[in-house]
Amino acid sequence: ALLGCSLATVAQTNGGKNPISQPLISNIYTADPSAHVFNGKIYIYPSHDIEAVNVKEDDDGGHFVMNDYHILSMDKIGGPVKDNGVALRLKDIPWAGRQLWAPDATYKNGTYYLYFPVKDKQDIFRIGVATSKSPTGPFKPEPAPIKGSYSIDPTVFQDTDGKAYLYFGGIWGGQLQRWTGNKYNAKGALKKPNELAYLPRVARLNADMKEFAEPVKEIKLVGADGKPFTEKDNDKRFFEAAWIHKYNGKYYFSYSTGDTHNICYAIGDNPYGPFTYKGVVLKPVLGWTNHHSIVQVGPKWYLFYHDVQLSGKTPLRNVKVTELTYNPDGTIKTIDAYK
Ligand code: FUB
């Protein structure tokens, strides 16, 4: 283990209760795990965290300086985890400037599609797509970002009717506050406490999975009272890290609340929402960021997430997995990763 820390040495239990989840790998730092099952095997598409040299931690995430992706795979939960090596490098993306952040992937008709946010050469976050015949790459990037894309944390969802959607957005360093009505304003400001919070975005993808089929739309997120959140509801409002999954015919939109560090979820009846807030999936974890994915493996559901157990440092994270369970009414049981 390059980090001087094997799974055996970090093993710990919580007073005989469930074992606390351990990092899935320790040879590299990984974060923002987007997990999928392809052909019965589990693949994790994470960010690859690296040490930032001469960069101070700031509110815009300047310290997240990632420059490639490694895809992880495992045959079963609890089994050995393989690091499949470099799948895509920043330097091979013709339009990219810096900061290769949280990716996601999907499969359609013999091709795997990797969606990734990265700052372009003008330092504006855009979303790119790269393709491969293998789930672990290497991935070949398209020559330009997806037209009309912006901000960070793309997540791709293919519905049972075959339509595919890209969800994205993140405030602060993710630059969502610079985009109103899909128009860029470099001076876009954060909302004041009583103003309506920024909303995540969605666009349906073309059949080729490489372009938006429609203008980007805002996703309506409302509280249990049916009212939209204001910025002061920052323990519930959207910040970044969108994910969507379907359970019993309902659409579950989950996301991070950023500066209050929760992963929350809201339920809707279709891919565009509105989504009604239901509660917390994952309480704050070690480190500033909280980012997750929710996936069914066989009969069980799992939450992939990260914390900073191995390094103790926010920009050097490690991915983990734990079981996720539903209540009979379809709500999710809140997870505390350390109890
Ligand atoms: O990994 C960089 C950023 O940190 C992600 O884009 C956010 O979701 C947060 O996890």
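Some notes on this structure:
- Condition met for Gln177 (surrounded by fewer than 19 Cβ atoms within 10 Å (Cβ to Cβ), touching a Gly at 6+ places or on another chain (Cβ under 6 Å) and not in a strand (DSSP E or B)): yes
- Residue match in the stretch 146-154 (condition: more than 16 Å from the ligand (Cβ to nearest atom) and closer than 23 Å to Phe64 by Cα): yes
- When each of Gly279, Gly258 is tested for being farther than 24 Å from His63 by Cα and touching a strand residue (DSSP E or B) at 6+ places or on another chain (Cβ under 9 Å), the lone residue that passes is Gly279.
- Among the residues listed as Tyr251, Tyr167, Tyr255, the single one being within 16 Å of the ligand (Cβ to nearest atom), over 30 Å from Pro143 (Cβ atoms) and in contact (Cβ under 8 Å) with a residue 12 or more places away in the chain: Tyr255
- A single entry from Asp75, Asp92, Asp83, Asp104 fulfils the requirement of being more than 12 Å from the ligand (Cβ to nearest atom), surrounded by 15 or more Cβ atoms within 10 Å (Cβ to Cβ), farther than 15 Å from Gly173 by Cβ and at pLDDT 95 or above: Asp83.
- Flag for Asp235 being without any contact (Cβ under 8 Å) to a residue 40 or more places away in the chain, closer than 23 Å to Ala31 by Cβ and either basic (Lys, Arg) or surrounded by fewer than 17 Cβ atoms within 10 Å (Cβ to Cβ) (or both): yes
- Scan of the stretch 252-279 for residues that are part of a helix (DSSP H, G or I) and either crowded, with 21+ Cβ neighbours inside 10 Å or not acidic (Asp, Glu) (or both), ordered by number: Gly258, Thr260
- Taking the criterion of being within 14 Å of the ligand (Cβ to nearest atom) and either out of contact with any Pro (no Cβ under 9 Å at 6 or more places or on another chain) or within 13 Å of Ser73 (Cβ to Cβ) (or both), the residues of the stretch 45-54 that qualify are Tyr45, Pro46, His48.
- Between Ile294, Ile267, the distinction of being out of contact with any helix residue (DSSP H, G or I) (no Cβ under 7 Å at 6 or more places or on another chain), more than 25 Å from Glu231 (Cα to Cα) and of a type outside the set (S, T, N, Q) belongs to Ile294 only.
- The stretch 15-38 - residue that is farther than 23 Å from Pro154 by Cβ and surrounded by fewer than 19 Cβ atoms within 10 Å (Cβ to Cβ) and, of those, farthest from the ligand (Cβ to nearest atom): Gly16
- Residues located in the stretch 161-172, provided they are more than 15 Å from Phe238 (Cβ to Cβ) and over 15 Å from the mean Cα position of the chain (by Cα): Asp161, Gly162, Lys163, Ala164
- One residue stands out among those in the stretch 317-329 that are over 16 Å from the mean Cα position of the chain (by Cα) and part of a loop (DSSP other than H, G, I, E, B): the one that is nearest to Phe64 (Cα to Cα), which is Thr325.
- Residue match in the stretch 201-221 (condition: on the phi > 0 side of the Ramachandran plot and within 16 Å of the ligand (Cβ to nearest atom)): no
- Of the criteria (1) surrounded by fewer than 23 Cβ atoms within 10 Å (Cβ to Cβ); (2) more than 16 Å from the ligand (Cβ to nearest atom), which one Tyr112 fails: (1)
- Among the residues of the stretch 231-244, not a single one is more than 13 Å from the chain's Cα centre (by Cα), modelled with pLDDT of 95 or more and part of a strand (DSSP E or B).
- Residues that are hydrophobic (A, V, I, L, M, F, W, C), within 13 Å of the ligand (Cβ to nearest atom) and either surrounded by fewer than 16 Cβ atoms within 10 Å (Cβ to Cβ) or more than 16 Å from Leu72 (Cβ to Cβ) (or both) within the stretch 294-325 comprise Val308, Leu316, listed in sequence order.
The values are calculated or read from the model by the stated rules, or taken from the named source; none is laboratory data. Since the structure is predicted, the reported quantities are computational estimates derived from the model, not experimental observations. Methodologically, a virtual Cβ is constructed for each residue, glycine included, from the backbone with ideal geometry; neighbour enumeration extends over all protein chains shown.
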